[in-house]
Amino acid sequence: MKAYYSLLLLFAAARGAFATFQDDCAVLATTFDYQDAEVLLSTYVTAGTNLTFPESASNTCPKFIVTLADMCRLRLNHTTTSTSSVIMEAFLPVNWASSGKRFLMTGNGGLGGCLAYNDMVMGAKLGFATIGHDNGHAGDTGAPFLNRPEVIADFVWRALYQAGKVGKAAVNHFYSGIGIRKSYYMGCSTGGRQGMKAAQEFPGEYDGILSAAPAIGSIGLGAIDAKAYFTFGPPGSPTHLTLQQWNRVHQMVIDQCDGIDGVLDGVLEDPMKCQPRPEALLCGPGQNWASHQCLASQQVNSVRQFYEPVYGNGGKLITPRMQPLTREFLGYPLIYGGIPSRFAQHWYRYALYSDPNWDLATDFTLDVVDDDLRDVYGLDTYKTDLSDQQGNNTKVLMYHGLTDGLISSENSYKYYDDVSRAMGLKSDELDEFFRFFPVSGLDHCSTGDGAWYVGGPLQFTTPGALERAGDSALMSMVKWVEDGIAPETLKGRKIVNGAVVSERNHCRYPRKNKYKGSGDPNLASSWECSSEQV
Ligand SMILES: *[C@@H]1O[C@H](CO)[C@@H](O)[C@H](O)[C@H]1NC(C)=O
Ligand SMILES: *[C@@H]1O[C@H](CO)[C@@H](O)[C@H](O)[C@H]1NC(C)=O
Ligand SMILES: *[C@@H]1O[C@H](CO)[C@@H](O)[C@H](O)[C@H]1NC(C)=O
């Protein structure tokens with residue numbers, strides 16, 4: 001009888017706590033009071049709910065997402081200045097307190113503009129109170145930058161900074177009396193750049209930052225895009241390559257460089273050592289593409305130029321080369337397929353020159369990227385003195401796919417080395433707070449020919465990802481921050497239809513993965529990290 005009553009009481013208490021969670025969520029509009037933040041919506045949603053976003057009907061942002069956790073969904077409009085505002089959401093899971101009391105900020109992509117709903121549902125599923133925001137404007141477009149410097153400032157840094165402040169206040173308010181224990185950030189591409197912005201400019205805000213394929217040195221990245229346009233020209237130009245011809249170049253790079261890491265598996269562990277010789281593809285007398293899958297000398301010339309760095313006026317290095325073995329099906333339509341890259345075009349047109357008629361095809365000169373004023377808004381995100389980060393004990397885990405077709409991975413190698421020299425720290429000292437993992441066989445953020453799945457931003461939607469969250473890059477960072485166990489390698493998996501077909505532990509730079517000489521190359525145990533150049 002006694003046991004029955006206590007069971008009943010327990011049940012009532014649990015039910016009461018649960019009702020409180022739902023009620024607390026419903027009334028956030030009246031209870032959460034933060035300067036310049038207006039609650040637009042707060043509702044309790046269960047796992048498996050299909051959330052739809054009618055406000056994204058006219059832009060490129062996600063139209064729906066299926067949730068994975070029981071949680072409170074909070075949507076806010078935060079006014080950043082009299083002419084700018086940020087839409088943000090918090091996914092506040094029921095099991096937050098028992099899951100480590102962690103805060104997770106997510107990043108944006110491209111010229112976005114879009115909340116990272118995929119990363120947010122995964123974050124909430126893993127128990128993080130997870131925030132997403134629109135970076136100050138709706139959609140993957142730079143058009144809203146035109147004559148609106150405050151919208152540009154939100155895009156470059158402020159939306160992230162403010163959404164972090166408002167988000168933390170909301171989380172601490174909602175789970176009243178508990179308090180955030182650790183704060184994290186994760187993002188890829190533009191999201192990777194945002195993570196590095198936080199590391200460089202407001203490191204005290206996060207304990208751990210996971211930055212993938214960061215679009216840092218952004219001004220130089222614009223130069224690579226422009227160079228690609230002028231090098232290859234529109235389809236039909238004698239300098240242009242079709243996508244099929246790029247696939248041939250891809251195979252050529254593999255043929256010439258695959259053996260450098262000790263095994264022929266179509267995956268390059270160290271593309272920095274690869275110096276492809278496109279002349280191998282030159283047509284002989286009487287040959288052409290149709291007859292022999294060979295290239296004309298003007299095309300070979302284009303390929304050779306593409307794999308060289310961009311230098312500005314006076315020989316100044318603007319940006320490293322595109323790494324060989326780009327993922328062409330990604331890069332081709334956006335960068336070297338013969339239309340000016342939208343990223344560069346929009347930034348120059350709407351932000352830098354405030355001229356809707358500015359056209360990369362006719363108006364770009366090297367002065368655009370060489371000018372000292374080129375980084376008026378701070379988009380470059382390339383500060384190499386990370387002493388504030390070091391002082392705040394913030395850990396940064398950066399990784400970059402070695403077949404990234406949009407942002408050259410050599411950019412990330414260069415940044416790590418530039419920081420090392422600027423701070424006078426050898427890699428083992430730098431690695432106390434900043435680690436870089438080149439990830440072979442990973443394209444831009446997600447998918448690839450190698451062990452591309454590491455459990456980072458934009459990757460969790462792959463089938464089987466959640467079951468493998470334990471040794472994900474995200475949770476490796478948590479372990480580093482909370483247990484002091486720094487990651488030596490990033491666990492990589494090639495996942496096809498939910499099944500793991502190969503594994504490789506990606507080494508932290510400057511170590512490199514080397515095949516041991518025997519054993520199945522699809523097994524991580526057949527490889528080891530060299531201590532070369534440490
Ligand atoms: C979610 O709802 C949208 C809009 O009604 C629909 O297009 C989409 O297919 C739904 N998704 C799922 C997984 O049910
Ligand atoms: C957000 O607030 C700004 C004013 O700061 C307003 O112009 C905008 O329309 C609001 N957006 C929404 C979706 O309420
Ligand atoms: C922590 O970072 C802030 C900037 O966010 C900086 O002002 C401060 O000096 C840093 N603290 C240390 C101990 O380096």
Contacts under 6 angstrom Cβ, first residue in the stretch 35-48 being surrounded by 11 or more Cβ atoms within 10 Å (Cβ to Cβ), partner of a type in the set (A, V, I, L, M) and in a strand (DSSP E or B), 6 or more apart: A37/L76; V39/L76; S42/L74
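Going by what's in this entry, would Y161 be described as of a type in the set (F, W, Y), surrounded by 24 or more Cβ atoms within 10 Å (Cβ to Cβ) and modelled with pLDDT of 95 or more?
no
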Qualifying positions in the stretch 363-377 - touching a residue at least 40 places away in the same chain (Cβ under 8 Å) and either in contact with a Pro (Cβ under 9 Å, 6 or more places away or on another chain) or not in a loop (DSSP other than H, G, I, E, B) (or both): F364, D367, V368, V369, D370, R374, D375, Y377
Residue selected from the stretch 59-101 under the condition in contact (Cβ under 8 Å) with a residue 12 or more places away in the chain, out of contact with any Lys or Arg (no Cβ under 7 Å at 6 or more places or on another chain) and of a type in the set (K, R), by the criterion farthest from A159 (Cα to Cα): R73
Strands (runs of 3 or more DSSP E) wholly inside the stretch 431-519 that include at least 3 residues being modelled with pLDDT of 95 or more: 434-439, 489-496, 499-507
Unmet requirement for I260, which otherwise passes all of (1) at pLDDT below 95; (2) among the hydrophobic types (A, V, I, L, M, F, W, C); (3) farther than 30 Å from S387 by Cα; (4) crowded, with 21+ Cβ neighbours inside 10 Å: (4)
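Listed here are the residues, each with its yes/no results for (1) among the aliphatic types (A, V, I, L, M); (2) in a helix (DSSP H, G or I); (3) touching a Phe, Trp or Tyr at 6+ places or on another chain (Cβ under 9 Å); (4) surrounded by 17 or more Cβ atoms within 10 Å (Cβ to Cβ).
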site: A361; (1), (2), (3), (4): yes, yes, yes, no
site: D388; (1), (2), (3), (4): no, yes, yes, no
site: V396; (1), (2), (3), (4): yes, no, yes, yes
site: Y399; (1), (2), (3), (4): no, no, yes, yes
site: D404; (1), (2), (3), (4): no, no, no, yes
site: Y415; (1), (2), (3), (4): no, yes, yes, yes
Qualifying residue in the stretch 325-333 (condition: modelled with pLDDT of 90 or more and either away from ligand 1 (no atom under 16 Å from the Cβ) or not assigned by TED's automatic domain parsing to the domain that holds Y413 (or both)): no
Candidates D388, D363, D359, filtered to the one that is in the same structural domain as G192 (by TED's automatic domain parsing) and charged (D, E, K, R): D388
Test set (1) over 19 Å from the mean Cα position of the chain (by Cα); (2) surrounded by 24 or more Cβ atoms within 10 Å (Cβ to Cβ) - P214 fails condition number: (1)
Tally, over the stretch 68-98, of residues that are of a type in the set (G, A, S), closer than 19 Å to K125 by Cβ and either within 8 Å of ligand 2 (Cβ to nearest atom) or under 25 Å from the mean Cα position of the chain (by Cα) (or both): 2
Selection within the stretch 385-401 - more than 16 Å from ligand 3 (Cβ to nearest atom) and under 16 Å from I209 (Cβ atoms): L397, M398, Y399, H400
Residue list for the stretch 203-220, restricted to those being farther than 20 Å from D431 by Cβ and assigned to a loop (DSSP other than H, G, I, E, B): A215, G217
1 or more residues within 31 Å of the chain's Cα centre (by Cα) and in contact (Cβ under 8 Å) with a residue 40 or more places away in the chain: qualifying helices (runs of 4 or more DSSP H) within the stretch 231-306: 243-257, 297-306
Residue within the stretch 32-50 that is within 16 Å of ligand 2 (Cβ to nearest atom), within 15 Å of A116 (Cα to Cα) and of a type in the set (D, E, K, R) present: no
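The values are calculated or read from the model by the stated rules, or taken from the named source; none is laboratory data. Not measured: the values here are computed from a predicted model. When we count neighbours, we look across all protein chains shown, and the Cβ atoms used for this are built from the backbone with ideal geometry, even at glycine.
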